[in-house]
Every structure is written in structure tokens, then in C-alpha cells.
Amino acid sequence: MTKILVVHGAGMNMRGKAQLDVFGPQTLEDYNRQIKEYAAQVGVTVQIFHSNIEGEALNAFYAAHDGDVDAAIINPGGFTGGAPPLVAGIAQVRFPTVEVHITNPAARGNASVFTRVCRGSIVGFGIYGYYIALLAAKNLAAK
């Protein structure tokens, strides 16, 4: 079965607690529950990781590279605008990575530095974006 690493970046632990007008009331725990449900529907297993520390997120990608992960999904959160070591690390791993955002960062005047190293980006579809990302990651891993 395809195994997908899901990485939540900086500030994702504040979902449902801050900026409710932008991101809505769902918490990171709500996200994780929904991602696990989507994974079961898509027929993949997920390993979910969160950190507010760039180096820890980078280490999760490197550990996955050395392990049995077939693809990854990242919601960079607060890392979206700049995280050079993490961006470089994603470019180095052996598996494809898909970027996902609950909202559209560009609509708020932000550009993601991850788009240049991820196979694709899914933005603005709310939590359903993770379902799309899981399908995309599964498809990319099969190639």
C-alpha cells in the first residue's frame, strides 16, 4: 500500500484558534482526522507530522527518504514565504511532494517558495484539498 508523509508546517497548530476569518474553525486535530479518513477512502496509509521548527520538518523528509515513504504532502503554513533549507531538502528526496494550502496564499498577496520543488500545488479547496493531494501523491508514487 502506498505510504504518504503529510507534513504540517509552522503555525498549523494554531488552526481553529487564530485567524478564524481566514482559515475557519477546524483545528489541526480536525485536519488530521479528516486526512486519515481521506487516506482510507483513497487506499493509502499516512504518516502525519507537524513542527513549528524548520529543521524538524526537514528531518522528517530526510527520515522518510531513508524509510518506506512513497510520496509526501506538505502544507508549509508559516514556512510558505521562506524556508531555504526545507525547500532544498524537498528537492533532494527520492519521492514526489505535493504542496497543499487550505486557502489560496496568492489571494492574500503571498507566494509560496515551495512551488518550485513540489510536483504540484493544490490551493483554495479547504480541507478537501488534502483529498485531492492524496490522490495526486498516490498517482505520482505509482509512476
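Return the residue satisfying two criteria in turn: it lies in segment 16-42 and is over 13 Å from V100 (Cβ atoms) and touching a helix residue (DSSP H, G or I) at 6+ places or on another chain (Cβ under 7 Å), and of such residues it is surrounded by the most Cβ atoms within 10 Å (Cβ to Cβ). Among them, the one singled out is A39. Among the residues that make up segment 126-133, is at least one of them open to solvent by 50 Å² or more (accessible area, probe 1.4 Å), free of Cβ contacts under 8 Å to residues at least 12 places away in the same chain, on the phi > 0 side of the Ramachandran plot and not polar (S, T, N, Q)? Looking through segment 126-133, none of the residues is open to solvent by 50 Å² or more (accessible area, probe 1.4 Å), free of Cβ contacts under 8 Å to residues at least 12 places away in the same chain, on the phi > 0 side of the Ramachandran plot and not polar (S, T, N, Q). Restricting segment 71-86 to residues that are buried (at least 19 other Cβ atoms within 10 Å of the Cβ) and at pLDDT below 95, which is farthest from Q19 (Cα to Cα)? Among them, the one singled out is A83. Regarding segment 87-99, can at least one residue be identified that is under 18 Å from G124 (Cβ atoms), modelled with pLDDT of 95 or more and assigned to a strand (DSSP E or B)? There is at least one residue in segment 87-99 that is under 18 Å from G124 (Cβ atoms), modelled with pLDDT of 95 or more and assigned to a strand (DSSP E or B). In the set (1) open to solvent by 20 Å² or more (accessible area, probe 1.4 Å); (2) touching a residue at least 40 places away in the same chain (Cβ under 8 Å); (3) under 22 Å from G16 (Cβ atoms), the condition left unmet by E54 is number (3).
Note on segment 101-112: among residues that are touching a residue at least 24 places away in the same chain (Cβ under 8 Å) and surrounded by fewer than 17 Cβ atoms within 10 Å (Cβ to Cβ), the one that is nearest to L86 (Cα to Cα) is A111.
Among the residues of segment 21-79, those identified as among the hydrophobic types (A, V, I, L, M, F, W, C), part of a loop (DSSP other than H, G, I, E, B) and farther than 23 Å from R108 by Cα are V44, I53, V69.
The values are calculated or read from the model by the stated rules, or taken from the named source; none is laboratory data. Keep in mind it's a predicted model, so treat the numbers as computed, not measured. So basically every Cβ, Gly included, is an ideal-geometry build from the backbone, and we count neighbours across all protein chains shown. Areas reflect the complete protein model, heavy atoms only, side chains present, ligands, DNA and RNA absent. Shrake-Rupley method; radii C 1.70, N 1.55, O 1.52, S 1.80 Å.
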